[in-house]
Amino acid sequence: MRPGLLLIGHTYAALENRKKLQALAAHFELVCVTSTIEQHLVLGRPSSDFDNESDAPTRNYQLIRLPRSGQTSTTFHYSGLAAVMRSRPFDVVLVENEPWARVCLQARFLKSFFQAHALFGEFTWENVERPGWKGFMLAPIYRAMTATTDFIIAGNQAASQLVQKYGARADEVLVAPQLGVDLDNHQPASFAERASLRQDCGLPPDAFIIGYCGRLTEEKGLHELLQACDALQKVHLAILGSGRLESWLKEQQQTRPWLHLLPPRPHFEIPSFLRCLNVFVLASKPVRTMRLCWEEQFGHVLIEAMACGVATIGSSSGAIPEVIGHEKAIFPHGDATALASRIRAVMNDSTIAQSQLDRTRRLYTHDAVAAQWAAFILHQLAA
C-alpha cells in the first residue's frame, strides 16, 4: 500500500503545475490542499486564466480547494485546513512555502494535534539571508523550523546550505526542483512551425530572435539585456510579460525597431512563444535591500525554454548556473558586455541547445522530479 501524503501548496492552484501532482500520485496516496480559484492579477492577467477544473476527470489524486486569508504568498492561512487534517491519517504532511510563512506555522500546529505520528516536511526556495533586523528576526525561526521538521526539500543549493546552517542535517535535506516541465507541450519547433508561430506573435519570420518572458522588473536584468542587443545589432528581442518596467520598455521601443513587446498570456500559451526563439535569456541580478532581498531561486522558465530546444543563457545570479548546467551559457550578472559575448558564442555553436534539451529530458520532467521527491520521502519514512 502506498503511503499517504498530504501536500499543502498554493502553487497547485495553477492548472499547469498540477501535472507534477499526477506524477507524484504514482508514488503516494496523494491529497493536495490548494487555493480556491481567485481573481487577483498574475503577470497582468486574472489568476483564473491560469486555472480551471478541466483536469478533474483525469486526476489520480484528491484536490481540496480552500479559501485563503492574507495578502501575499507568505502571509496567508487556509480556512478549513483543520478539517482536512482530521479527516484521515497521513504518513507524511508536506507544506510548500518559506519557513516563516503563516501557512507553514498553521500546518505544523495542526499536524501536532491531528497527525502526531506523521512525518512533517517543508519545501523552501529561500536562498539568501536577510540583512539587518529582518535577518535577526528570521534566525530563531529557522532554528525552530529545523528542530521541528523531519525533512526539507530545498529548491536550490543555497537554500540547502541555509537550512543546514541553522541545524538541519545533510541527510534530511534534498536539493530538487519544485516542478518539472511537460514534454508534450514543450517540444522543439521545426523551421515551418517556427515561422508559423512567429507570424502568430507578429515577429519577423527570418530574424535571429532573442527572447525573455516573465516579470518586467529591474532585478530581471532587462536593462542589461537591451544593452547587449544594442551591441549585437542585426538581432531582434522579443519580451513577453508585465511589470514595473513596461512603460520604460515602451519608450525604448520607439527608437529600437527590433524590440518587440508582447502582452502576458496564460501559462499553457507560453511554449508557443518560447518555440519562436533562437535564444532565451534570463539576465537576473541579485538585490540586497531591506525592502527586497532576492536572488534567482530557480527560474522555471529556463527549463521550459530548454525543453523547447532553445539555446538558453543565464546570469550567475542565484540558482541559474546549477539549473542550466552549462558553463558556456553563463555570464556574470549585471555585465551587458559579457552577455553580448555569450550570445555571439551561442549564435555560432549549435550544440548548446541540444545538450540543454538532453539535460531537461533527463532531470526536469514532471516524472523525474516526482521520482526524486518520492525516493527521498520514502527513505525518510523508512529511516
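Here are some notes:
- Here the ratio of the Cα radius of gyration of the chain to 2.2 N^0.38 Å is 1.00.
- Percent of Cα-Cα distances greater than 20 Å, calculated over the stretch 83-183: 38
- Taken per residue, the accessible surface of the stretch 235-383 reaches 40 Å², heavy atoms only and a 1.4 Å probe.
- When the Cα atoms of the stretch 235-289 are aligned to their principal axes, the ranges along those axes come out at 34, 29, 20 Å in descending order.
- Cα-based Lys proximity count in the chain, under 19 Å, for pairs eight or more positions apart or on separate chains: 4
- One way to sum up the overall shape of the stretch 338-383 is the equivalent ellipsoid from its Cα gyration tensor, whose semi-axes run 37, 11, 6 Å, largest first.
- For the stretch 61-188, the solvent-accessible area works out to 44 Å² per residue, with a probe of 1.4 Å and every protein chain left in place.
- Sequence-distant residues sharing a close amide H with His77 (under 5 Å, placed H): Ser69
- Summary of packing: across the peptides 375-381, 31-37, the per-residue average of other C-beta atoms within 10 Å ranks them, highest first, as 31-37, 375-381.
- Equivalent ellipsoid, the stretch 253-315 (semi-axes from 5 times Cα gyration tensor eigenvalues, Å): 23, 18, 13
- Looking at the stretch 261-306, the trypsin sites (Lys or Arg not before Pro) that sit in a DSSP loop and have at most 13 other Cβ atoms within 10 Å of their own Cβ are Arg291.
- Table column - 3J(HN,Hα) (Hz), the stretch 149-159, Karplus curve with 6.51, -1.76, 1.60, x for Gly and Pro: 10, 7, 7, 9, 9, 9, x, 7, 5, 5, 5
- Folded to 0 to 90 degrees: helix 132-147 orientation relative to the chain principal axis, Cα: 50
- Considering only Ser355, Asn127, Cys201, and ranking their Cα positions along the charge dipole of the chain that arises from unit charges at the beta-carbon of Lys, Arg, Asp and Glu, the one farthest toward the positive end is Asn127.
- Surface composition of the chain: carbon and sulfur make up 54 percent of the accessible area, probe 1.4 Å.
- Cα convex hull, the stretch 188-274: 97 Å³ per residue, rounded to a whole number.
- Under the convention that each Lys and Arg Cβ holds +1 and each Asp and Glu Cβ holds -1, the size of the dipole of the chain around its Cα centre is about 540 debye.
- Each residue of the stretch 171-181 is assigned a 3J(HN,Hα), and the resulting list reads 6, 9, 10, 10, 9, 7, x, 6, 10, x, 10 Hz, derived from the Karplus form 6.51 cos²θ - 1.76 cosθ + 1.60 (θ = phi - 60°), x at Gly and Pro.
- Note, ³J(HN,Hα) from phi for the stretch 4-9, Karplus 6.51, -1.76, 1.60, rounded to Hz, x at Gly and Pro: x, 10, 9, 10, 10, x
- Cα gyration tensor, the stretch 1-110 - rounded (a/c under 1.5), prolate or oblate: oblate
- Net charge of Cβ neighbours under 12 Å - reference Phe376; Lys, Arg +1; Asp, Glu -1: -3
- Shape call, the stretch 269-383: gyration tensor on alpha carbons, a/c limit 1.5: oblate
- Cα-based shape type of the stretch 111-162, given that a ≥ b ≥ c are square roots of the gyration tensor eigenvalues and the cut on a/c is 1.5: oblate
The values are calculated or read from the model by the stated rules, or taken from the named source; none is laboratory data. Bear in mind the structure is a predicted one, so any value in this text is a computation, not a measurement. Positions of Cβ are generated from backbone atoms using ideal geometry, with glycine treated the same way; all protein chains shown enter the neighbour counts. Surface accessibility is based on the protein's heavy atoms, side chains included, excluding ligands, DNA and RNA. Shrake-Rupley method; radii C 1.70, N 1.55, O 1.52, S 1.80 Å.
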